[in-house]
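The structure's right below; bear with me while I get my questions together.
The values are calculated or read from the model by the stated rules, or taken from the named source; none is laboratory data. As the structure is a computational prediction, the values presented were derived from the model and not from experiment. We place every Cβ from the backbone using ideal geometry, glycine too, and count neighbours over all the protein chains shown. Remember, those area values only see protein heavy atoms, side chains included, never the ligands or the DNA or RNA. Shrake-Rupley method; radii C 1.70, N 1.55, O 1.52, S 1.80 Å.
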Amino acid sequence: MSDTTTVPVPPKPAAMRERPALLRLASMLWADKFAFAAALLLLAMIGCALVGPWLMGDAAGGQNLRARNAPPFDLSRGWLYVLGGDALGRPLLARIVVAAQNTLLIAAGAVACSMIIGTTLGLVAGYRGGWTGEVIMRLADVIMSFPSLLLAVIVLYMLAPSVANLVLVLAITRIPIYLRTTRAEVLEVRERMFVQAAIVMGASTPRIVFRHILPVILPTLLTIATLDFAFVMLAESALSFLGIGIQAPEITWGLMVSQGRQYLTSAWWLAFWPGLAIILTTMSLNLLSGWMRVALDPTQRWRLEIGGKRNG
Amino acid sequence: MQRMIGKRAVSSLISLVGLVVLVFFLSRLTGDPAALYLPIDASEEMRQNFREIHGLNDPLLVQFGRYIGDLAVLDFGESIRKARPAIEVVLEGFAWTLQLALITMTLVTLAAVVLGSLAAFRVGSLFDRLASMLSLIGASAPDFWIAIVAIVVFSVGLGWVPTSGTGTVWHWILPIAVLFIRPFGLIVQVVRGAMLTALGSAYVKTARAKGVRNRPIIFVHTLRNAMLPVITVIGDQAAALLNGAVVVETIFGFPGVGKLMIDSILQRDFNVILAAIMVTALAIFVMNLLIDIAYALLDPRIRT
């Protein structure tokens, strides 16, 4: 858990200019203590996902029948058993750390796919409009009217419930969110003066769309994506819980809750801890998304920059 | 208004047809019901016979044609699992889900509107921050986890309510309580936001200047305008519940349409899946219509 500092920051082009911006972002994060705690927790989770399987993979898979359903907060078996052991005596702490990888990977994959595809289609629908736009919007309507869980169940029941298929199913159901938002924003932004000016000056369509329009709507999309990450995580957990998501021996937090369900009356901690991991992560994402809504909005940003009375 | 309803009906119908076609073929790809319903040592003859009875021997397209033909006279086919008309099975389950959704959404709406309005009225107060925190937790919690923790605490630990099933009023408490949490968290936030916007508007300032007291300002002047965005979210959440609260129904052994869908998919009971989809689609369409009407009733500007 202490390896959070190794998490790489996404590479940005101009490293020289970037530093003050990053610092400013950090101080704005510090201004909102809840968001700051949420960001720390998420970094820790990402750290678990990156190095967890490599660090604790053996411990998480190793059975120790003497520690079957070992109660939590008992350090006599070592610190790995601080959260207790599962039905095969595997330490729950190690399993939660290892399961972070699959859980976050699926959610991140689904959010990235749906965001890229949805945004691209939304840009086309918004900027081109006309017949193409109409078709794209009707497609979004059709996806939206699907009972998404049902679709997921049918597809996963047919195809193998692998990580890739799970990402695919979850991504498809989330595309309309980005598509509709992007289109609505593009329709508004493209009428603004700077876009008109760019058109008059003869900028090419890709340049207008990617250099002038996209940067304006990206903050909104990122805020939605953060919120959506939590939603996708809950959906994946529900699918795994129902037994049609990820299958053992692979683990996710949702699957761990489902495995612990049989032992509810005798060993509540089997289902409790992974559930707590889910709730903490989704709550952090919700908090961070709320902060982003303010921090990424130039007209609201001052609230964080002046520090506020509460924190002063 | 009528034109809008007509347009909505057409687009709903198109997506429903698409959905039925897709599910018809996809579900049939999940496997052969004969392998599931007959004993393992059943002879090939018995299997043939079984498929013949249920019309699974013909080419897929012929089966599809026959299904559509039957649909035209409102025949939804037989449930393999229950050996009864599929539509009967579905309507039974749907009645349960409808009751569950109605009770839950009524409670959610009442609680969220009151709490959200109060939070908006005392923005920044301890109460406001408490309500925000509560709704945040509500919106982030996985329902299956809440459900099993609730079972451990209230059924196994304290023995107040039964763990699952139906029968008495007590059986309803846990499912409703668990389903309550997420929509509640969401709607409180929306109510608070909408109320804040409305409270800052000119007509509220006018009312204040005229010396109207706080309570009438909230419940008479502001709430009606603030309800518009709230109603949309309530509709979305109600649709999600009508679609079957699959997870909650499964955990609590509640015989609703969500559990029915999952069971039918796992048991390859194709006719029931399709009937369930059509019934819920119709229900959601009707609900959206009701929401549009509520919109028009609340806001004279929309009535045209």
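Kyte-Doolittle cut-off 0.0, length cut-off 24 Å along the helix's own axis using Cα: show which whole DSSP H helices in chain B pass. Walk me through the numbers before you get to the answer.
Values: long enough: B:2-28 (39 Å, 1.24); B:86-121 (51 Å, 1.80); B:170-199 (41 Å, 1.48); B:223-242 (27 Å, 1.20); B:270-298 (42 Å, 2.26).
Span-like helices, by this rule, are B:2-28, B:86-121, B:170-199, B:223-242, B:270-298.
Only Cα pairs under 8 Å and at least 6 apart count here; give the relative contact order of region A:187-302 as a rounded whole percent.
Values: 100 pairs, mean separation 27.7, N = 116.
Relative contact order, region A:187-302: 24 percent.
On to the next question. Using Cα springs under 10 Å in a Gaussian network model of chain B, which residue among B:LEU118, B:LEU290, B:LEU126 shows the largest mean-square fluctuation?
Judging by the Gaussian network model, the answer is B:LEU126.
Still on this model: Under a 1.4 Å probe, what is the accessible area of region B:169-209 per residue, stated in Å²? Could the numbers behind the result be given before it?
Working: 1860 Å² over 41 residues.
About 45 Å² of surface per residue is accessible.
Could you sort A:228-234, B:191-197, A:155-161, B:34-40 so that the peptide with the highest average Cβ count within 10 Å comes first and the rest follow in order?
Taking the mean over residues of other Cβ atoms within 10 Å, the ranking is A:228-234, B:191-197, A:155-161, B:34-40.
Follow-up. Keeping every protein chain present and rolling a 1.4 Å probe, give me the accessible area per residue for region B:2-72 in Å². Walk me through the numbers on the way to the answer.
Values: 4500 Å² over 71 residues.
Using a 1.4 Å probe on heavy atoms only, each residue of region B:2-72 averages 63 Å².
So how far, in whole Å, is the C-alpha centre of region A:187-253 from the one of region A:53-67?
What the calculation gives is 38 Å, centre to centre.
Let me ask something additional. Hey, what angle do you get for helix A:33-61 against the long axis of chain A, alpha-carbon based, 0 to 90 degrees rounded to 10?
50
Pairs of alpha-carbon atoms within less than 8 angstrom and 6+ residues apart define the contacts here; what relative contact order does region B:87-303 have, in percent? Can you show the working numbers first?
Numbers: 249 pairs, mean separation 62.6, N = 217.
Relative contact order for region B:87-303 comes out at 29 percent.
Regarding chain A, what whole-number volume in Å³ per residue does the convex hull of its Cα atoms give?
Values: hull volume 51.9 nm³, N = 312.
For chain A, the hull spanned by Cα atoms encloses 166 Å³ per residue.
Also: With runs of 4+ DSSP H residues as the only contributors, calculate the mean residue ellipticity of chain B at 222 nm using -39,500 (n - 2.57) per run, divided by the residue total and rounded to the nearest 500.
Numbers: 13 runs with 217 residues, N = 304.
Calculated mean residue ellipticity at 222 nm is -24000 deg cm²/dmol.
Right, another one. Rounding to the nearest 20 debye, state how big the charge dipole of region B:40-97 is about its Cα centre with +1 on each Lys and Arg Cβ and -1 on each Asp and Glu Cβ.
Numbers: 6 positive and 10 negative charges, 31 e Å.
My answer is approximately 160 debye.
I'd like the interface area for chains A and B: accessible area of each alone minus the complex, both sides summed, 1.4 Å probe, protein heavy atoms only. What is it in Å² to the nearest 100?
Values: alone 17360 and 16580 Å², together 30810 Å².
Buried area (both sides, nearest 100 Å²): 3100 Å².
On the protein heavy atoms, probe 1.4 angstrom, tell me the percent of accessible surface of the protein assembly as shown carried by carbon and sulfur.
On the way: 20550 of 30810 Å².
Of the solvent-accessible surface of the protein assembly as shown, carbon and sulfur hold 67 percent.
Which of the listed residues, A:SER266, A:ALA171, B:THR97, is farthest toward the dipole's positive end in the protein assembly as shown, when Lys, Arg count +1 and Asp, Glu count -1 at the beta-carbon?
A:ALA171
Per residue in region A:139-178, which ones lose no less than 40 Å² of accessible surface when going from chain alone to all protein chains (1.4 Å probe)?
SASA drop of 40 Å² or more in region A:139-178: A:PHE146, A:PRO147, A:LEU150, A:VAL153, A:ILE154, A:TYR157, A:MET158.
Further question on the same structure: Specify which residue in the list A:TRP253, A:LEU41, A:MET56 is farthest towards the positive end of the charge dipole of chain A, using unit charges on the beta carbon of Lys, Arg (+1) and Asp, Glu (-1), about the Cα centre.
Going by the Cα projections, it comes out as A:LEU41.
Now a separate question. Hey, rough spin-label estimate for B:LEU74 and B:ASP263, points 7 angstrom out along Cα→Cβ, what's it come to in nanometres?
Here the answer is 2.5 nm between the modelled labels.
Helix A:148-158 against the longest principal axis of chain A: what's the angle in degrees, Cα atoms only, rounded to the nearest 10?
The helix A:148-158 is inclined about 60 degrees to chain A.
Under a point spin-label approximation (7 Å from Cα along Cα-to-Cβ), what is the B:ALA42-A:ARG138 distance to one decimal in nm?
Using points 7 Å along Cα→Cβ, the separation is 4.2 nm.
Would you work out the charge dipole size for the protein assembly as shown about its Cα centre, treating the Cβ of every Lys and Arg as +1 and the Cβ of every Asp and Glu as -1, and quote it to the nearest 20 debye? Spell out each step's value before the answer.
Details: 49 positive and 35 negative charges, 570 e Å.
Dipole of the protein assembly as shown, to the nearest 20 debye: 2740 debye.
Next question. Rounded, prolate or oblate, given the Cα gyration tensor of region B:2-72, with a/c below 1.5 counting as rounded?
Numbers: a/c = 4.21, a/b = 2.98, b/c = 1.41.
Prolate.
Now a separate question. Ignoring everything except DSSP H segments at least 4 long, calculate the 222 nm mean residue ellipticity for chain A; use -39,500 (n - 2.57) per segment, divide by total residues, nearest 500. Walk me through the numbers on the way to the answer.
On the way: 11 runs with 212 residues, N = 312.
After summing the helix terms and dividing by residue count, I get -23500 deg cm²/dmol.
Dipole of the protein assembly as shown (Lys/Arg Cβ +1, Asp/Glu Cβ -1, origin at the Cα centre): which of B:ALA35, B:PRO300, A:ILE279 lies farthest to the positive side?
Value computed over the given set: B:PRO300.
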